[in-house]
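Enquirer: I am attaching a structure below and will ask some questions about it afterwards.
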Amino acid sequence: MTEDLLTTREAADLLGVGTTSIKRWADSGFLQCVKTLGGHRRFPRNAVEALIGQTLPTLPPRGGRVMDWISTLTGKVQGHQVADALEAEREERGSWAAVADALGPVLEEIGRGWARGEISVIEEHIASERLIRAVTRCGENIRVPASAPACLLMTAERDEHTVGLSLAELALREQGWRALWSGAGTPVYFACELIAAGGVEMVGVSASQHSRDSALLADQIRRLGESCRKRKIPLVLGGCGLWPEKPEYGHRVRSCTELQRVLAGS
C-alpha cells in the first residue's frame, strides 16, 4: 500500500501553521520529508499527525525576522494576533515608521516566493489583506484630532497595491496627521480637483513594483506636482515603481523613515 503523503500546504493546514514553517522544519530535519521526481516536498501523514498537540519549535529565522513574519501572515492566525505582533514590533523598534520599514523586506520576499512558485496567488493575496487589516486595527488605536492636517493617500493610476499606503498611514498618524484615504483607482484629475479646493495639506502617492510605465508615472507626477505647487503643499512619492529619480516637484522617498523627515520639514 502506498504511503499517505501530504503536500506542504496540506501539512501546514493540519498543524495550523504557515507553509514557510513546514519547509523550514523539513530543511532542518525536524519533520520527515521526501522529494518527488519533480523536486517537490511530500510529508508522511503519520509524521505530521505525530506533531499535533506538541510544542513546535521556533527555528532561527533566515534573513532576520522576515521568514517568521511570512509564516505569520500565511499561517492560521486570527487578525488580532497579527495586530498584536505589530504592536510588539512597535514597542521594540520605537516608531511605526521603523516597523513599516522592517516589513518592506517581508512583502518583497512574499513577492519573490510567488515568482518562485513557493507561495500561491491566493496565499499572497491573503497575506497582504491580513496585514492591511491588522495595520488598520493598529491605526485605529492612534487618536488624531479632526483639526489635524490631512494627507491624501492614493496609488498611482493603474496600480492596485495599497499595502504600502496602509503602512504609511500608521507613520502619518503617529506624527499627528489625518489620512484622507483615496486608495487605488483614483484618477489624477479628481485628486487635482481636491488639491485645488484646499482639501488637503499634503499628498502621498504610492507606486508598487508593478508600476513599470515610467512615462505614465512621469505624466501623473507632472500634473499632481503642478497642483501641489500652486497650493504650496508637499507631494511625496513612495514605493518601488519607476518614479522619476528627481521629480520637478515633490519628494521621492523609499522608506517611512524618509517620510518622517519630510513631515519634520513640512
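Any read-out appearing in this document is the output of simple, stated calculations on the displayed coordinates, not a laboratory observation. Since the structure is predicted, the reported quantities are computational estimates derived from the model, not experimental observations. Don't worry about glycine lacking a Cβ; one is built from the backbone with ideal geometry, like all the others, and counts go over all protein chains shown.
Enquirer: Residue 14 versus residue 140, label points 7 Å from Cα toward the beta carbon: distance in nm?
Expert: Result for the modelled spin labels: 3.7 nm.
Enquirer: In addition: Residue 249 to residue 78: extension gain in nm, 0.36 nm per residue of separation minus the Cα-Cα distance?
Expert: That pair, residue 249 and residue 78, stretches by 57.3 nm at full extension.
Enquirer: Per DSSP helix of 4 or more residues, -39500 (n - 2.57); summed, then divided by the residues of the chain. What does that give at 222 nm, rounded to the nearest 500?
Expert: Mean residue ellipticity, 222 nm, calculated: -16000 deg cm²/dmol.
Enquirer: Going from the alpha-carbon gyration tensor of region 75-114, what semi-axes, largest first and in whole Å, does one get by taking the root of 5 times each eigenvalue?
Expert: Ellipsoid half-lengths, sorted descending, are 19, 16, 5 Å.
Enquirer: Counting only other residues whose beta carbon sits under 12 Å from that of residue 117, what net charge do I get with K and R as +1, D and E as -1?
Expert: -1
Enquirer: Taking 7 Å along the Cα-to-C-beta vector as the label spot, tell me the residue 215-residue 50 distance in nanometres, rounded to one decimal.
Expert: It is 6.2 nm.
Enquirer: Between residue 230 and residue 122, what FRET efficiency follows from the Cβ-Cβ distance if R0 is 45 Å, with the result rounded to 0.05?
Expert: In this case the efficiency is close to 0.50.
Enquirer: Further question on the same structure: Residues of region 213-255 with amide nitrogen under 15 Å from the 7 Å Cα-to-Cβ point of residue 115?
Expert: Counting backbone N atoms under 15 Å from the label point, the list is 240-242.
Enquirer: Within region 114-157, find all residues whose amide N lies under 20 Å from a label point positioned 7 Å from the Cα of residue 91 along Cα-to-beta-carbon.
Expert: Residues 134-143 fall inside that zone.
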